[in-house]
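*Asks:* This is the structure, below, for whatever I ask next.
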Amino acid sequence: MTQVERSQVQRWRGLLNSERDAAALYARLAATETGERRKIFEELAAIERRHASHWEDKIRTAGTEVPRPGRPSLRTSVIGLAARLFSTAAVLPLIERGERADAGMYDEEPDAAPGMAADERGHARTIAKLIDGSRPNPQQQIARREPWHRTDRSGSLRAAVFGVSDGLVSNTALVMGFAGSGSSRSAILLAGIAGLLAGAFSMAAGEYVSMSSQREMYQREISLEAQEVAEKPEEERAELVLLYRAKGLDRMDAERLADRIMANSEVALNTLAREELGLDPDELGSPWSAAISSLLAFASGALVVVLPYLIRGGTVALLAAIGLAVLALFAVGAGIGILNGRSALRSGVRQVIAGSLAAAVTFGVGHLIGTAVS
């Protein structure tokens, strides 16, 4: 046997041990459950045993002895014991994290059998549905009853809120720094306008790049899912059946529902994107919307402290700028608090304190620099 063949067999043995351990874990979970959930765990264990058989055949074909099954790993033993003492619900989050970490283990494995990579990716999704159980989606329930709770999938509202806050705090601090140094009205005004423009376009560019990258990533995931629907419809149907059974449907109802969904490729892709990827193909976010809203929001926040210096300078402009900044900080903080369902007063005061500290520090630094220079 060559060195390459030895390394291959060693890799196959490691994968075999991993599959055997996973099968033992699901078998232990099945022993603690009843009904449909028990059947689901038994099916997951059977899938892992099928994967293990594949690696046993590879090792046997290479002319080496197939290792005997050993004791389950310490992790499997501990999780199995916890499930028996408490419940499977208590350990499912740990199993889900492990499955998600191993979801791509066969993506680049040249010796894996067809379908093994899809099986591994499907396990994490099945466990996630088991965690949810048969509970309806709370976001969908809330959205139907209370439309104002709908999330902002486009990212525009998020960008606007952070844009106003960042523009207000950063430009207030910048203007206060120049004011503290004793600069002239024209210098303070120039600094404020420069900070407004630089910050607004920087925010817009950052949001555009961020949202574009996120959208491209989502589109790639959906395109891969579309490829799987076209090339492996039976595997995708099986995943849907398992997912709906994990949600609480019995096998017959889950199979009927999966058949109806898979009958239309567009509906199948839309459903799989939502159920498996957690994505809404119609709401992937708009880079331009996020960029424009962040630009306008930052500019509106940054303009507050500049306004008094557009009219006049001196102490009057400084006091007016401070007063406007405090009012705006409180308004932004209170608005964030209301959106989050928190106390408007508390959130407003917190925002005023944070912004005031930043402005005070830059004012003091500016004063020290102005004194030293003069």
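*Asks:* Applying 1/(1 + (r/R0)^6) with R0 = 51 Å to the Cβ-Cβ distance of M252 and E65, what FRET efficiency is obtained, to the nearest 0.05?
*Replies:* Efficiency, from the Cβ-Cβ distance: 0.70.
*Asks:* Evaluate E = 1/(1 + (r/R0)^6) for A103 and V349, where r is the Cβ-Cβ distance and R0 equals 45 Å; express this FRET efficiency to the nearest 0.05.
*Replies:* Result of the calculation: an efficiency of 0.50.
*Asks:* Is the C-alpha gyration tensor of the range 53-115 telling us rounded, prolate or oblate? Criteria: a/c under 1.5 is rounded; beyond that, a/b larger than b/c is prolate, otherwise oblate.
*Replies:* It comes out oblate by the Cα gyration axes.
*Asks:* Which order do S223, S286 fall in if you start with the one that has the fewest other Cβ atoms within 10 Å?
*Replies:* S223, S286
*Asks:* Report the local net charge at E56: Lys and Arg +1, Asp and Glu -1, summed over other residues whose C-beta lies under 12 Å from its C-beta.
*Replies:* Once all neighbours under 12 Å are counted, the net charge is +4.
*Asks:* For the chain, what does the helix formula give at 222 nm: sum of -39500 (n - 2.57) over DSSP H segments with n ≥ 4, over the residue count, nearest 500 deg cm²/dmol?
*Replies:* It comes out at -27000 deg cm²/dmol, rounded to the nearest 500.
*Asks:* Counting other beta carbons within 10 Å of each Cβ, put R11, R28 in order, fewest first.
*Replies:* Ordered from fewest to most neighbouring Cβ atoms within 10 Å, R11, R28 come out as R11, R28.
*Asks:* On a straight-distance basis, which lysines could pair with K58 in a cross-link, Cα separation under 26 angstrom, same-chain partners fewer than 8 positions away excluded?
*Replies:* K232
*Asks:* For Rg and Dmax of the Cα atoms in Å, the listed values are (1) 20.8, 69; (2) 29.5, 91; (3) 20.2, 60; which was obtained by calculation from the structure presented?
*Replies:* Here the calculated entry is (2).
*Asks:* Treat every Asp and Glu Cβ in the chain as -1 and every Lys and Arg Cβ as +1, leave all other atoms uncharged, and give the resulting dipole magnitude about the Cα centre to the nearest 20 debye.
*Replies:* Here the size comes out at about 1580 debye.
*Asks:* In nm, what is the difference between 0.36 nm times the number of residues separating Q214 and L310 and their Cα-Cα distance?
*Replies:* Once the chain is fully extended between Q214 and L310, it gains 30.6 nm.
*Asks:* For the chain, return all DSSP H helices satisfying: extent of Cα atoms along own axis at least 20 Å; mean Kyte-Doolittle hydropathy at least 1.0.
*Replies:* Flagged H segments are 156-180, 287-303, 314-339, 344-373.
*Asks:* Next question. In terms of Cα to Cα distance under 23 Å, which lysines are near enough to K39, apart from those fewer than 8 places away along the same chain?
*Replies:* Of all the lysines, those that pass the test against K39 - Cα under 23 Å, at least 8 places apart if same chain - are K129, K247.
*Asks:* Pairs of Cα atoms under 8 Å, at least six residues apart: use those to get the relative contact order of the chain, whole percent.
*Replies:* Relative contact order, the chain: 21 percent.
*Asks:* Something else now. Give the residue from P69, I338, L85 lying farthest towards the positive end of the charge dipole for the chain; charges sit on Cβ (+1 for Lys and Arg, -1 for Asp and Glu) and the dipole is referred to the Cα centre.
*Replies:* Value computed over the given set: I338.
*Asks:* Quick one: net charge of N17's neighbours, Cβ under 12 Å, K/R +1, D/E -1?
*Replies:* +1
The numbers here are math on the coordinates, done by the rules we state, and not lab data. Quick caveat: nothing in here was measured; it's all calculated off a predicted structure. Here the Cβ is made from the backbone with ideal geometry for all residues, glycine too, and neighbour counts use every protein chain on show.
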